Amino acid sequence: MGGPSGIKLSRTERRKLSRFLTQTKDSKSYRAALGVLLRAQGKGADEVGITLGVTRKQVFDWCREFRENGIEALQLQKPPG
């Protein structure tokens with residue numbers, strides 16, 4: 001299967017991500033938040049990627065962005081202009 005997920009979430013972070021999942025209307029943001037939650041539950045990046053239809057690199061990117069910038073990093077960014 002694989003080693004530890006490499007991402008640990010506090011109870012507050014889990015709650016915020018779960019709330020975000022119920023409130024977001026953007027499918028990409030939803031997948032990113034769900035991917036982080038699944039990784040925190042111990043699912044492997046390959047398994048999460050298959051489940052969500054993305055590459056394992058994308059799963060790692062979501063987790064890195066979340067660790068570095070919090071939930072805001074998972075929200076859809078509107079293009080400039």
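Backbone phi angles across region 7-22, fed through the Karplus curve with coefficients 6.51, -1.76 and 1.60 (θ = phi - 60°), yield HN-Hα couplings of 9, 10, 10, 6, 4, 5, 5, 4, 4, 4, 5, 4, 5, 4, 4, 7 Hz in residue order; Gly and Pro are listed as x.
Here the relative contact order of the chain, from alpha carbon pairs under 8 Å that lie six or more residues apart, stands at 31 percent. A full extension of the chain between residue 72 and residue 27 corresponds to an added length of 14.7 nm, given 0.36 nm per residue minus the alpha carbon distance. Highest-first packing order for the peptide set 21-28, 54-61, 36-43 is 36-43, 54-61, 21-28, based on the mean count of other beta carbon atoms within 10 Å. Charged side chains reduced to their Cβ positions (Lys and Arg at +1, Asp and Glu at -1) give the chain a dipole of some 240 debye around its Cα centre.
Values quoted throughout were computed directly from the atomic coordinates according to the rules given, and no laboratory measurement underlies them. Values in this document were obtained by computation on a predicted structure and should not be read as measured data. Please note: Cβ atoms are built from the backbone with ideal geometry, for glycine as well, and neighbour counts cover all protein chains shown.
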